[in-house]
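Novice: Take this structure, written in structure tokens, and hold onto it; I'll ask about it next.
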């Protein structure tokens with residue numbers, strides 16, 4: 001579905017609605033507020049600057065179409081000219097005396113309605129009157145009037161709908177391209193929000209794992225201290241446990257910093273706050289539900305991608321636009337042969353009203369027709385423009401083929417990412433379960449005196465790493481699904497985001 005400039009109104013409507021629900025004008029969530037993925041996407045639609053910028057581009061392109069259509073608007077023209085002239089006479093050849101200069105003046109008025117028609121004809125419908133008087137007629141009024149129509153119809157260059165409508169069709173193609181670009185911008189932004197949301201969820205998991213790892217290290221340290229007091233464990237084991245606990249404190253600090261950076265990345269996408277306050281506002285996200293297991297078929301989905309992907313539709317419209325331009329430039333290689341003609345009625349009298357009445361009575365018909373031919377000697381400019389247009393058309397054809405090939409590869413890669421991510425989720429879950437089981441066994445062995453603090457601490461770190469890898473695999477799988485939807489052009493449909501066509 002094509003996208004309209006009305007999307008800008010939708011953005012501001014969403015912004016007002018969110019503000020009315022108790023949100024701050026910047027769109028940032030208050031301290032402690034939790035937002036869902038759907039809420040994050042809605043805020044991005046209302047406040048994301050990339051979408052706003054591209055939305056204006058689509059509206060500008062629509063305005064360009066209106067501008068191009070204006071070539072058919074009739075134009076009313078009117079003029080009035082008053083002139084005086086002293087005309088010197090030649091000196092008498094015999095006496096050498098120069099007679100007094102003659103004096104004349106005139107009033108000329110003109111009113112017309114003119115324009116161009118879709119097949120290339122220019123027309124002018126109007127009337128004019130002229131009153132010339134002076135010494136030559138004793139300053140008596142003499143009103144000459146005319147009313148009628150005149151026109152010029154190209155027969156070769158600029159003939160027909162193709163040439164006349166070329167600028168409009170090019171503007172319409174540019175509007176379509178800009179609307180698909182807006183759709184692409186919305187899709188990309190929604191996908192980035194999904195990525196940022198799952199990245200933040202992953203860093204939450206990473207922080208939880210770091211905290212849990214420290215808690216396990218502290219528990220081990222306390223147990224070691226108790227055993228050391230009763231003489232069943234060496235001081236080295238206590239010192240080693242203290243070192244491990246201190247090291248894991250650093251891991252928590254790093255994890256907290258990564259959470260803040262991920263929050264900022266998400267806030268940048270879903271807010272329009274431009275102040276440093278953006279960095280201090282905090283919020284949390286609702287844990288997303290587990291991504292469903294899906295089976296994708298890149299080959300079967302490829303035709304759908306061609307239908308839905310904005311970049312492919314843009315390439316098709318660009319090819320259409322270049323085709324229009326190439327045909328127009330081919331027409332410009334023809335010589336200019338124009339049929340001209342006029343038809344109307346004259347009036348002439350010392351009284352203006354009588355002169356006009358003669359026109360109304362159609363007493364004095366006036367008509368003319370003819371042919372105007374203009375042929376450049378070399379057509380150098382026209383040949384250069386046509387050659388450039390043909391090369392641009394071929395370049396656009398190649399770009400369309402390149403885009404189609406690129407879609408094949410990208411859809412295939414996205415499908416492969418889903419398959420790999422599914423396998424990673426299963427493998428990392430199994431690794432985490434085994435790491436937990438191994439840690440439990442190692443702790444039992446330590447309490448039985450068959451292991452050491454080193455091996456227990458090492459196993460704790462292995463478990464922490466396994467938990468992080470599992471969370472990363474789950475995040476990457478959700479992101480792979482979002483990327484596949486984007487490659488197929490289905491992101492907006494998945495979230496029921498409707499962009500209305502122009503009115």
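The values are calculated or read from the model by the stated rules, or taken from the named source; none is laboratory data. As the structure is a prediction and not an experimental result, all values here were calculated from the model. Glycine gets a Cβ as well: all are built from the backbone with ideal geometry, and neighbour counts include every protein chain shown.
Novice: Among the residues of the stretch 281-303, is there at least one that is assigned to a strand (DSSP E or B), closer than 30 Å to residue 416 by Cα, outside the structural domain of residue 370 (by TED's automatic domain parsing) and in contact with a strand residue (DSSP E or B) (Cβ under 9 Å, 6 or more places away or on another chain)?
Specialist: The initial filter retains those residues of the stretch 281-303 that are assigned to a strand (DSSP E or B), namely 284-285.
Going one step further and asking which of them are closer than 30 Å to residue 416 by Cα, we end up with 285.
Add one more test, that the residue is outside the structural domain of residue 370 (by TED's automatic domain parsing), and what stays is 285.
From what's left, in contact with a strand residue (DSSP E or B) (Cβ under 9 Å, 6 or more places away or on another chain): 285.
Checking the stretch 281-303: at least one residue is assigned to a strand (DSSP E or B), closer than 30 Å to residue 416 by Cα, outside the structural domain of residue 370 (by TED's automatic domain parsing) and in contact with a strand residue (DSSP E or B) (Cβ under 9 Å, 6 or more places away or on another chain).
Novice: Quick one: which residue in 70, 120 is over 23 Å from residue 354 (Cα atoms) and touching a helix residue (DSSP H, G or I) at 6+ places or on another chain (Cβ under 8 Å)?
Specialist: On the way: 70 fails: touching a helix residue (DSSP H, G or I) at 6+ places or on another chain (Cβ under 8 Å).
Checking each option against the conditions leaves just 120.
Novice: I'd like to know if the stretch 329-339 contains one or more residues that are in contact with a strand residue (DSSP E or B) (Cβ under 6 Å, 6 or more places away or on another chain), at pLDDT below 95 and either under 30 Å from residue 202 (Cβ atoms) or surrounded by 20 or more Cβ atoms within 10 Å (Cβ to Cβ) (or both).
Specialist: no
Novice: Since residue 78 meets every condition but one in (1) touching a helix residue (DSSP H, G or I) at 6+ places or on another chain (Cβ under 8 Å); (2) within 30 Å of residue 348 (Cβ to Cβ), which condition does it not meet?
Specialist: It fails just one condition, (1).
Novice: Also, I was wondering about something else. Can you confirm whether residue 60 is modelled with pLDDT of 90 or more, in the same structural domain as residue 199 (by TED's automatic domain parsing) and not in a loop (DSSP other than H, G, I, E, B)?
Specialist: Numbers: modelled with pLDDT of 90 or more: yes; in the same structural domain as residue 199 (by TED's automatic domain parsing): yes; not in a loop (DSSP other than H, G, I, E, B): yes.
Yes.
Novice: Taking the residues in the stretch 448-465 that are without any contact (Cβ under 8 Å) to a residue 12 or more places away in the chain and farther than 17 Å from residue 215 by Cα as candidates, determine which candidate is surrounded by the most Cβ atoms within 10 Å (Cβ to Cβ).
Specialist: Step by step, filter the stretch 448-465, then rank; the result is 451.
Listed here are the residues, each with its yes/no results for (1) surrounded by 19 or more Cβ atoms within 10 Å (Cβ to Cβ); (2) out of contact with any helix residue (DSSP H, G or I) (no Cβ under 7 Å at 6 or more places or on another chain); (3) outside any helix (DSSP H, G or I).
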| residue | (1), (2), (3) |
| --- | --- |
| 128 | no, yes, yes |
| 136 | no, yes, no |
| 141 | no, yes, yes |
| 162 | no, no, no |
| 180 | yes, no, no |
| 191 | no, no, no |
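Novice: Got at least one residue in the stretch 432-440 being part of a helix (DSSP H, G or I), touching a residue at least 12 places away in the same chain (Cβ under 8 Å) and more than 30 Å from residue 234 (Cβ to Cβ)?
Specialist: So far as the stretch 432-440 goes, yes, one or more of its residues are part of a helix (DSSP H, G or I), touching a residue at least 12 places away in the same chain (Cβ under 8 Å) and more than 30 Å from residue 234 (Cβ to Cβ).
Novice: From 146, 202, which residue is more than 24 Å from the chain's Cα centre (by Cα), in a helix (DSSP H, G or I) and buried (at least 19 other Cβ atoms within 10 Å of the Cβ)? Walk me through how you get there before you give the answer.
Specialist: On the way: 146 fails: in a helix (DSSP H, G or I).
After ruling out the rest, the residue left standing is 202.
Novice: Let me ask another. How about the stretch 355-374: which of its residues are in contact (Cβ under 8 Å) with a residue 24 or more places away in the chain and not in a strand (DSSP E or B)? Explain how you work it out, then say what you get.
Specialist: Within the stretch 355-374, the first condition is being in contact (Cβ under 8 Å) with a residue 24 or more places away in the chain, and the residues that meet it are 355-356, 358-359, 366-374.
Result: 355, 356, 358, 359.
Novice: Evaluate the following for residue 270: is it in the same structural domain as residue 184 (by TED's automatic domain parsing) and surrounded by 20 or more Cβ atoms within 10 Å (Cβ to Cβ)? Outline the logic, then answer.
Specialist: On the way: in the same structural domain as residue 184 (by TED's automatic domain parsing): yes; surrounded by 20 or more Cβ atoms within 10 Å (Cβ to Cβ): yes.
Yes, satisfied.
Novice: Sticking with this structure for a sec: With respect to residue 170, is the statement that it is closer than 22 Å to residue 322 by Cβ and touching a residue at least 24 places away in the same chain (Cβ under 8 Å) true? Before the answer, list the steps.
Specialist: Details: closer than 22 Å to residue 322 by Cβ: yes; touching a residue at least 24 places away in the same chain (Cβ under 8 Å): yes.
Yes, satisfied.
Novice: Something else about it: Given the condition in a helix (DSSP H, G or I) and farther than 24 Å from residue 317 by Cα, answer yes or no: does some residue in the stretch 385-408 qualify? If you could, list the steps in order and put the result at the bottom.
Specialist: Start the filter on the stretch 385-408 by keeping residues that are in a helix (DSSP H, G or I), which leaves 385-408.
Retained after the next criterion (residues that are farther than 24 Å from residue 317 by Cα): none.
The answer is no, given that none of the residues of the stretch 385-408 is in a helix (DSSP H, G or I) and farther than 24 Å from residue 317 by Cα.
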